[in-house]
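Scroll down for the structure; my scribbles are underneath it.
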Amino acid sequence: MTERDQVIATLARAVIDRKLTEQQAADILRAYDAGTIPAALTIPPNEAGQGLDEDEIALALLILLALWRQDGAAIPATFAARLSWARHLADAFQTDAAGLAARLGRGELTLAQWQTEAQTLIRRNIIQQAGAGGLSSRGAGAGLRSIYQEQAAYLSRFADEIAVRQMAGLPMSEAQIAQRLVMYAGRGYGQFFREYESGGTASGWGWVYRYEARDDNRTCYPCADAEGYYLPGDGPYPGEVCLGGGHCRCSRTPEYNPAIYEVLRG
């Protein structure tokens, strides 16, 4: 596929996604053909979402274990300690997302290179959040790969939006790109809670999980609406329903409460 073919494909996807009108796409293509604007190329959708095999999962979990050891404990023993690490990983994602946006803005990365590194960041976050929740490395690939491929598909459309805005002369700012990328950390944050609940530590008779939303003006309405008790594995998860994605500050906290457990079981 030539560079021009890739530009046309990107513009076509943007029209389908209603990021551009057909007339706007035609104007951009004419400007590209005239040599007045450079191409902004992304990874084609059929090539996005590659990676995340068992070896990568094992390596990411080993790195997480090394970080825990540096912090003074091989494995966090309590839910509160594990949740603290989940939030630490979410904060690290925000820092890395800002760094990637800055490198893209300075021209140190092409858009396709930015997309590649953003995919790697998302993969690592999903794996390590799952690890903080209690995931073991072997046999986890299929489930995490499905989650990652979904997020990579969303990222591909975001990269297309960056590309067409750049070619249209209306580029997104570094802050806008960083903030949008942080949204993709939400799925990993939700996976932390899913893995913890499926681990059996607090999932037997009488155990329920309380969705706790932060009670302030930064709390989104889906998180506020989600407040309440759920059986392990049921109901909404922080980060996943949150409009802020990776900015979510809510939690699902285990609680031994047989009365509520019986009510939820009906």
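Scanning segment 1-22 for residues that are among the charged types (D, E, K, R) and in contact with a helix residue (DSSP H, G or I) (Cβ under 8 Å, 6 or more places away or on another chain) gives 4, 13, 17, 19, 22.
Condition check for residue 52 on (1) loosely packed, with under 15 Cβ neighbours inside 10 Å; (2) in a loop (DSSP other than H, G, I, E, B); (3) hydrophobic (A, V, I, L, M, F, W, C): one failure, at (1). Please verify whether residue 28 is outside any loop (DSSP other than H, G, I, E, B) and over 22 Å from residue 126 (Cβ atoms), treating the condition exactly as stated. Yes, satisfied.
At least 2 residues being more than 30 Å from residue 8 (Cα to Cα) and either in contact with a Pro (Cβ under 6 Å, 6 or more places away or on another chain) or modelled with pLDDT under 95 (or both) is the threshold, and among the helices (runs of 4 or more DSSP H) wholly inside segment 155-266 those reaching it are 186-198, 221-226.
Hey, could you check segment 24-59 for residues that are closer than 21 Å to residue 151 by Cα and aliphatic (A, V, I, L, M) and say which is modelled with the lowest pLDDT? If you could, list the steps in order and put the result at the bottom.
Narrowing segment 24-59 to residues closer than 21 Å to residue 151 by Cα: 41-59.
Those still in the list that are aliphatic (A, V, I, L, M) too: 41, 43, 48, 52, 57-59.
Values: 41: 95, 43: 95, 48: 91, 52: 86, 57: 90, 58: 89, 59: 90.
Filtering segment 24-59 for residues that are closer than 21 Å to residue 151 by Cα and aliphatic (A, V, I, L, M), the one modelled with the lowest pLDDT comes out as 52.
The set of residues from segment 103-123 being assigned to a helix (DSSP H, G or I), in contact (Cβ under 8 Å) with a residue 24 or more places away in the chain and closer than 25 Å to residue 51 by Cα comprises 104, 111, 112, 114, 115, 116, 118, 119, 120, 121, 122, 123. Condition test on residue 40, is it more than 28 Å from residue 180 (Cα to Cα) and part of a loop (DSSP other than H, G, I, E, B)? Spelling it out, it is not the case that residue 40 is more than 28 Å from residue 180 (Cα to Cα) and part of a loop (DSSP other than H, G, I, E, B).
The values are calculated or read from the model by the stated rules, or taken from the named source; none is laboratory data. These numbers come from a predicted model, not from an experiment. Note: ideal-geometry Cβ built from the backbone for every residue, glycine included; neighbour counts use all protein chains shown.
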